[in-house]
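This report concerns only the one structure given below.
The values are calculated or read from the model by the stated rules, or taken from the named source; none is laboratory data. Owing to the predicted nature of the structure, the values given are computational and were not obtained by experimental measurement. So basically every Cβ, Gly included, is an ideal-geometry build from the backbone, and we count neighbours across all protein chains shown. SASA here: full protein model, heavy atoms, side chains in, ligands and nucleic acids out. Shrake-Rupley method; radii C 1.70, N 1.55, O 1.52, S 1.80 Å.
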Amino acid sequence: MEERYNPRVVESRWQQQWQEGAPAPTLPGRPKFYALSMFPYPSGALHMGHVRNYSITDVIARYKRMCGFDVLHPIGWDAFGLPAENAAIDRGIHPARWTEQNIAQMREQFKRLGISYNWEREIATCKPDYYRWTQRLFLEFWQAGLAYRKAGIVNWDPVDQTVLANEQVDAQGRSWRSGALVEKRPLEQWYFKITDYAEQLLEDLDRLTEWPERVRVMQENWIGRSVGAELSFPVDGSGESIHVYTTRPDTVYGVTYLVLAPEHPLVSQLTTPAQGDLVHRFIAQVQAKSDTERTSEDRPKQGVWTGATATNPFSGEALPIWIADYVLYEYGTGAVMGVPAHDQRDFTFAGSYNLPVRTVIEPVTEPLPQPLMNAYLEPGSLVNSGPFDGLDSPTAKLKIIEHAEDRGWGKGRVQYRLRDWLISRQRYWGCPIPMIHCPQCGPVPVSEDCLPVHLPEDVELSGRGGSPLAKLDAWVKVDCPVCGGPARRETDTMDTFIDSSWYFLRFADAHNLERPFDPVRVNHWLPVDQYVGGIEHAILHLLYSRFFTKVLRDRGLLDFDEPFTRLLTQGMVLADAYIDPETNQYYPADAVEQKAGRYVARHDGRRLEVRMEKMSKSKYNGIDPLPVLDAYGADTARMFVLFKAPPEKELEWSDSDVEGQFRFLGRVWRLVHAYVSADAGKASGERDRDLRRAIHTAIGQVTEDIETYKFNTAVSALMILTNALSEGTTTTPVYREGLRTLVQLLAPFAPHISAELWEALGESGQVHQSTWPVLDPEAIKAETLTLVIQVNGKTRGTIEVPADANRETLEQLARESEAAQRHTTDKTVRKVIFVPGKLVNFVVG
């Protein structure tokens with residue numbers, strides 16, 4: 001037996017034993033618990049963020065097993081996507097080979113961490129035995145009328161040469177992956193009708209009571225429900241009308257102009273010859289801007305008059321029709337009514353182009369000063385609004401909508417900010433869309449018995465131009481399944497977020513060869529009881545997964561409404577980054593030195609700032625977990641990421657804190673081996689009572705902390721129990737109970753050393769299969785308590801009294817105490833105020 005803690009030896013032994021052992025058995029009759037971390041992209045190397053994420057879920061999974069649950073804790077690989085294709089291009093190897101190599105490497109790294117996965121259920125989204133069922137689920141969407149193809153303006157990533165969904169473009173108008181400024185292009189694409197489920201997705205947020213409020217708010221804002229009206233403005237001299245959605249129909253008499261998005265199909269029809277050149281030049285300028293640039297509040301709003309006019313059906317007034325950069329065709333109807341007196345953006349635009357401003361809402365208390373200096377945005381009383389003058393805004397909204405519906409000028413409407421999900425990608429390394437385009441029959445689905453549509457391997461990848469699949473005539477040219485005539489395969493592949501929108505369902509039945517999953521099995525294991533991942537997935541992955549679940553429910557494939565019951569979004573891992581404040585250039589640590597208490601660049605002495613920032617290769621502050629595992633072991637790495645900060649908070653890397661956790665595990669090791677070697681003395685009864693109280697206090701604290709995500713304070717409780725056990729090794733049953741309990745409570749956090757010490761104690765079986773310790777409430781009851789003595793509300797002292805003493809006894813002990821005697825002698829006690837277990841207050845006169 002090792003006398004000195006050597007994590008390399010201990011962890012190697014147990015990892016080998018766990019690997020050679022049988023897969024974790026299912027335990028019929030026990031309550032189920034499905035623990036899941038968001039599955040990783042196989043980049044080839046774990047980082048400290050991975051260590052934190054997957055350690056958190058493993059603590060929960062191991063704890064639940066010890067509590068008697070039948071636990072499912074699977075792992076897989078989100079393996080399709082652009083990084084693999086780009087890496088393959090750079091290295092001259094096939095994406096499948098590069099991905100398989102990375103998976104093999106990361107699989108071994110996960111095993112080094114001691115994560116207790118159900119490896120027999122491992123999946124990879126790039127394997128035909130997975131994407132066959134992704135294609136089958138696409139056909140479910142097609143059959144339900146939820147998959148469709150249309151031409152539209154799309155977000156084009158000029159670096160990755162592919163289309164992006166709206167959710168994949170950040171607030172600066174850049175691609176979520178490549179960072180390139182996104183361009184707008186017209187293209188025919190495939191979409192999923194997520195908007196058909198907008199109301200359900202919004203309403204069911206209230207049921208997700210165990211999700212972080214921040215995530216629910218982010219989804220609520222993204223769905224963006226608003227109640228208003230769609231109004232029609234006939235275009236003068238044309239049979240066309242411009243349809244406008246507004247949440248302020250009460251301001252319709254204040255409309256002084258209309259604005260179309262430059263991409264709106266009516267623009268080319270309405271623009272007069274005199275304005276043609278100006279309009280065309282302006283459209284070209286707008287196409288070079290991102291949506292964020294166009295709609296940003298702090299940028300000037302620009303526009304051009306088309307030369308056309310429309311009629312306000314309410315007032316009969318002619319309104320000039322403009323196009324402007326701040327109106328997006330994808331949102332609402334692609335047109336807005338300009339009400340400068342009551343919308344600040346319209347007010348600014350009107351001021352720039354000398355357009356009229358007409359007040360139609362006044363405060364109830366007093367008229368607005370004229371001319372307006374800013375738009376008046378609040379509700380009030382209508383003026384200059386014909387038959388609606390004098391009505392308050394809420395009433396006027398209803399009356400004006402009713403008036404519009406009666407006359408065919410519009411209707412009340414609920415609108416959502418959420419757009420349909422664009423799923424087409426013009427790249428190779430993704431799931432092929434199982435559709436065929438026939439000149440006679442239109443889009444035709446591939447028959448189910450022909451799935452999967454395999455990705456061809458003999459493809460030339462360049463990273464430029466359209467889809468590489470489109471160049472493979474032998475693969476593209478097929479017969480139409482309906483008419484038998486010549487047809488072409490769809491050459492776009494699916495957005496990889498589709499792969500991750502159902503993977504958690506496949507884990508419930510990972511080897512099913514007949515269908516994506518058996519409903520009985522998926523209904524047993526799902527919803528996921530505990531899901532763990534980053535806040536960056538609040539809108540994309542989590543919203544799409546909720547959508548998929550609801551669609552598959554409606555298709556009769558499962559019987560639950562939400563995929564994840566409880567959600568934990570862990571914070572980022574931060575480390576020191578060295579940056580030149582003038583150039584914002586980052587420096588690696590080995591290019592920095594400290595002089596006179598300052599950090600400077602080693603090569604030229606340039607003064608640098610040190611900041612705690614998110615670990616990143618570009619900032620040279622990433623911490624590779626492997627050297628940490630080599631030096632201190634996986635258990636130490638796990639303990640550090642769990643102890644350093646609450647899981648939802650950012651974690652700041654500290655070498656000294658890593659060493660501190662290593663020393664703590666060494667203390668536990670020495671305690672157990674000191675006991676095993678019988679280098680122990682005897683203990684008093686009082687010591688045993690105190691120790692048993694410490695043991696069960698720890699059981700209560702650690703149990704509660706794991707249940708409430710407070711892993712850092714759970715580790716603190718383990719340290720406190722270790723301190724209690726360190727006050728002197730004894731041979732009593734209570735001391736053994738303490739060591740046994742310490743090892744069991746430590747097991748979810750540091751599985752290798754716990755398994756070794758459990759065996760050293762001579763306990764049967766494995767610690768991870770033992771029963772979680774149960775709190776004995778009697779053990780934590782104190783025999784005495786401290787009673788505060790007050791006189792006229794002022795504290796005069798304290799006394800120790802029996803914890804189970806009744807009121808009469810406590811009052812007598814309090815009266816006899818020196819503190820009370822000193823301040824009540826020769827005085828009359830008029831009243832005694834008693835707070836059980838806390839204080840006695842004598843009111844004297």
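Data for the structure
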| item | result |
| --- | --- |
| Alpha-carbon centroid distance for the pair region 142-184 / region 493-563, whole angstrom | 23 Å |
| Nearest-0.05 FRET efficiency for GLU188 and LEU398, computed from C-beta distance (R0 35 Å) | 0.25 |
| Net charge over other residues, Cβ less than 15 angstrom from the Cβ of VAL658 (K, R count +1; D, E count -1) | -4 |
| Beta bridge orientation in region 425-502: antiparallel %, DSSP, nearest 5 | 100 percent |
| Per-pair calculated FRET efficiency, R0 = 56 Å: LYS127 and VAL676 via Cβ, rounded to 0.05 | 0.70 |
| Interchain or long-range residues, amide H under 5 Å from VAL573's placed H | MET615, LEU651 |
| Residues whose placed amide H lies under 5 Å from that of GLN189, excluding near-sequence neighbours | LYS150, ALA151, GLY152 |
| Under 17 Å from the ARG598 label point (7 Å along Cα→beta-carbon), backbone N, region 609-653 | 609-611 |
| Antiparallel DSSP beta bridges within region 569-720, percent to nearest 5 | 90 percent |
| Cβ-placed point charges (K, R +1; D, E -1), dipole of region 428-575 about Cα centre in debye, nearest 20 | 240 debye |
| Built amide H within the under 5 Å cut-off of ARG413, gap 5+ | GLY228, ALA229, GLU230 |
| Amide N proximity, region 288-314 versus ARG417 label position 7 Å along Cα-to-Cβ, cut-off under 20 Å | 290-299 |
| In Å², nearest 10: area of SER232 left accessible to a 1.4 Å probe | 30 Å² |
| Gained length - LYS111 relative to SER238, 0.36 nm times residue gap less alpha-carbon distance | 38.7 nm |
| Inter-centroid distance (Cα atoms) of region 244-306 relative to region 424-484, Å | 38 Å |
| In range of the label at THR798: residues from region 812-838 whose backbone nitrogen is under 13 Å from the point 7 Å along Cα→Cβ | 838 |
| Listed candidates [x] 1.07; [y] 1.33; [z] 1.21 - label of the one calculated as Cα Rg over 2.2 N^0.38 Å | [z] |
| ILE436, ILE720, ILE780, ranked by accessible area, largest first (probe 1.4 Å) | ILE720, ILE780, ILE436 |
| Size of charge dipole - region 560-640 - debye, nearest 20, with Cβ of Lys, Arg +1 and Asp, Glu -1, no other charges | 260 debye |
| For SER764, solvent-accessible area (1.4 Å; no DNA, RNA or ligand), Å² | 100 Å² |
| Per-residue HN-Hα couplings for region 42-55 [Karplus 6.51, -1.76, 1.60; θ = phi - 60°; Hz; x = Gly/Pro] | x, 6, x, 8, 6, 10, 5, x, 4, 4, 5, 4, 6, 5 |
| Of all DSSP beta bridges in the chain, antiparallel share, percent nearest 5 | 75 percent |
| Pairwise label distance in nanometres, CYS483 with THR365, each label 7 Å out on the Cα-Cβ vector | 7.2 nm |
| Total formal charge among the other residues, if their Cβ is under 14 angstrom from that of ARG299, Lys/Arg +1 and Asp/Glu -1 | -1 |
| Solvent-accessible surface (1.4 angstrom probe) belonging to TYR54, in square angstrom, nearest 10 | 10 Å² |
| C-alpha center-to-center spacing [region 779-833, region 352-374] in angstrom | 72 Å |
| Subset of LYS32/LYS781; LYS644/LYS710; LYS184/LYS550; LYS150/LYS184; LYS150/LYS397; LYS111/LYS649 violating a 23 Å alpha-carbon distance limit | LYS32/LYS781; LYS184/LYS550; LYS150/LYS397; LYS111/LYS649 |
| Within the chain, helix-based [θ] at 222 nm, where runs of 4 or more DSSP H residues each add -39,500 (n - 2.57), nearest 500 | -10500 deg cm²/dmol |
| Cβ charges +1 (Lys, Arg) and -1 (Asp, Glu), total dipole of the chain, debye | 1100 debye |
| Largest to smallest accessible area among LYS477, LYS64, LYS127 [probe 1.4 Å] | LYS477, LYS127, LYS64 |
| Modelled FRET efficiency - R0 22 Å, THR311 with ASP389, Cβ distances, 0.05 increments | 0.55 |
| Positive-pole candidate from ALA820, TRP772, ILE799, dipole of region 770-825, charges at beta carbon | ALA820 |
| For GLY114, net neighbour charge (Lys/Arg +1, Asp/Glu -1) across residues whose Cβ lies under 11 Å away | +1 |
| Accessible surface of the chain, 1.4 Å probe, proportion on carbon and sulfur as whole % | 49 percent |
| Average accessible area per residue (Å²) across the chain - probe 1.4 Å, nucleic acids and ligands excluded | 44 Å² |
| Length released on extending from ASN6 to THR825, taking residue separation times 0.36 nm less the Cα-Cα span | 288.2 nm |
| Fully extended contour minus Cα-Cα distance, from GLU818 to ARG299, at 0.36 nm per residue | 179.2 nm |
| Accessible heavy-atom area order of TYR586, TYR191, highest first, probe of 1.4 Å | TYR586, TYR191 |
